[in-house]
Amino acid sequence: MPVNDSVRRRERATLAFLVVLALVLRLPGFLRSVWIDELYTSALFCGPVITLLQTLYSDIHPPAYFVFIHFWIRAFGDSELALRLPPLLFGLGSIALVALLGRRLIDARTGLAAAALLAVSPVHIWHSQEARPYAASVFLVLATTLAFARLVDPAPARCKRSLYGALVVGTVFTHYYLVVFVGIFQLLALRRATPRRASIFWIHAAIGVVLAAYLGVKMSLAGVDTGRGYLRALDVREAWALFTTWLPTGRVLRPLDEGASAFEVLAPVIRFLATAFFVAGAVRVLIGRAPTSTSERNSGPGPTRDMRRALLGFTLALPAFLFVLNLVGLERTYIERSVLPTLPFYCLLVAAGMGLQRSPRAWRVGLGAIGLVGALLFVAARMHTERWTVYKPNPDWRAAARDLGEDLRLAPPAVGTTSLLFTTYPSATALTYYDGRFIEDKTLRPNTAKLEHLESMIAKVAGRGSWMHRWIEQRLSEFEAARQARSANLAVAIIELREGDERPWEALVPEPGQRFYTLVHTHSPASARLAELSTHTGFEHLEARHYLLLDVDTWVRRRE
């Protein structure tokens, strides 16, 4: 067997093993109950057409993933498994793509090492098992980068222009920030003397016009929110934490209690090594050199100097963009998951800095070290399921909904009444996902002003009585009918308590003997607002139930 074929077979076998390993590491997360962010890709927000349109109208994110998941759940349903399967597939696909990209731009061993780093990354594991568009954004950025590299290759085109254009569309309409990568592609194209340079420019220009038109329509109809409360500014301190803590360890290496922990000792060592390798890898790709090892010579088409150097640009592009936004006064633009597409390029640079191409021994030792660190990170992540690590921990909504449903079966409310659940949690929509009879009170109120604004804007744009105006009116009528149907199915009204609310249970639970519930996040300081019920003479505490990060208490109004 030729040496080249033997090497390729070993590389493919290694990549297949890494993908299987990644699958094993990601499956445990499928057992978690869903939470509010994931529900935005469920039938509650993307099911019927009018519901999908409402989500596109009000949500700050681009439409691509919502539209994709609309058709996905029509085909496969919106069970926990169905919702999380696309992120899993995108995550596993990203591992294969980063290996291919590394092989093309640096060498095969570096690509496989980057794939190994991505496979065991707590950050990538988290987002590959969460029903959100972030895993898709990583996959699309990698696929678009690989397609661009092939499109500008001096050899005969190995990538269709239409495929590249479709990937760019999918990328920028999955997350607006990803347009930064398109800017890098355009700069690289301008530096290449290729007959495809003009085609690339017109692809980018056309997509830019479409994106601008979409944003213009959205801003005129509903506005674009640019300062959500969970966002913050990316400054020097945040950038340092991003590259030295979140990207390499996902913040999972932290003590379990106030005492000493092995994680406290290992965390700075791992962070230091990751940072050192990252810097070494950045230097390597900036300096550049001709392939010297057998692995590099057998890695296929030679990488160009520009594309290799661009790896550092791909890694820094999103953080630098958000850093500049902070400098010009936009202080609520950053959260770590928004820069998730940085992760695979970060892994490529870390792998490049490890110098695994030097010898087979270095390659085996390096891959073994990645495996040991990955095992440590995985164990640490599983031990911190109730703490904020990569992102906020997920409460056990499934168990809470199951037990509340059992309560209704054993002790249904009186005829003509509904049970009430008061909560200080920002949104208990997950209860609705698990039991359609539990509905948030705020979702049952008709938003007349917003609907009238939408209808009037469509009338101005398309003309009153036009097919578009009639179509929107019909959809709004269907939406109102669906809202009334949900109201008729109401068994538990979920009432969110806000600042300034004065004991709403006194007015809303008027009948002696009427049962109701309170739900709070275990670590929420707002739980003190419901604690006063325990000292209120008009109500009796019946039962306390504790779930992962949730406390549910049952109360009854005393009889006079």
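Quick rundown of the values:
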| quantity | calculated |
| --- | --- |
| Helices (runs of 4 or more DSSP H) within region 314-411 that include 1 or more residues under 29 Å from V265 (Cα atoms) and of a type in the set (F, W, Y) | 342-353, 360-383 |
| Region 409-447, residues that are surrounded by fewer than 16 Cβ atoms within 10 Å (Cβ to Cβ) and aliphatic (A, V, I, L, M) | L410, A411, A414, V415, L444 |
| Some residue of region 44-54 being in contact with a helix residue (DSSP H, G or I) (Cβ under 6 Å, 6 or more places away or on another chain) and part of a loop (DSSP other than H, G, I, E, B) | no |
| Pair list, Cβ under 8 Å, 6 or more apart: region 233-250 residue assigned by TED's automatic domain parsing to the domain that holds V373, other residue of a type in the set (F, W, Y) and at pLDDT below 95 | A233/Y334; L234/Y334; E238/Y334 |
| So Y391, is it surrounded by 15 or more Cβ atoms within 10 Å (Cβ to Cβ), modelled with pLDDT under 90 and under 30 Å from I495 (Cα atoms) | no |
| Scope region 105-121; condition within 21 Å of L372 (Cα to Cα) and crowded, with 24+ Cβ neighbours inside 10 Å; matching residues | R109, T110, G111, L112, A113, A114, A115, A116, L117, L118, A119, S121 |
| Answer from F68, F17 - the residue that is within 29 Å of Q357 (Cβ to Cβ), at pLDDT 85 or above and surrounded by fewer than 20 Cβ atoms within 10 Å (Cβ to Cβ) | F17 |
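Yes/no per residue for (1) under 33 Å from the mean Cα position of the chain (by Cα); (2) in the same structural domain as R545 (by TED's automatic domain parsing); (3) more than 30 Å from L247 (Cα to Cα):
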site	(1), (2), (3)
Y391	yes, no, no
L404	yes, yes, yes
L408	no, yes, yes
G416	no, yes, yes
F422	yes, yes, yes
Y433	yes, yes, yes
K442	yes, yes, yes
R470	no, yes, yes
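Residue by residue, here is whether (1) part of a helix (DSSP H, G or I); (2) of a type in the set (F, W, Y); (3) in contact with a helix residue (DSSP H, G or I) (Cβ under 9 Å, 6 or more places away or on another chain) holds:
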| site | (1), (2), (3) |
| --- | --- |
| R12 | yes, no, no |
| V24 | yes, no, no |
| V34 | no, no, yes |
| E38 | yes, no, yes |
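The values are calculated or read from the model by the stated rules, or taken from the named source; none is laboratory data. Only a predicted model underlies this, so the values are computations on that prediction, with no experimental measurement involved. Quick reminder, even Gly has a Cβ in these numbers, built from the backbone with ideal geometry, and neighbours come from all protein chains shown.
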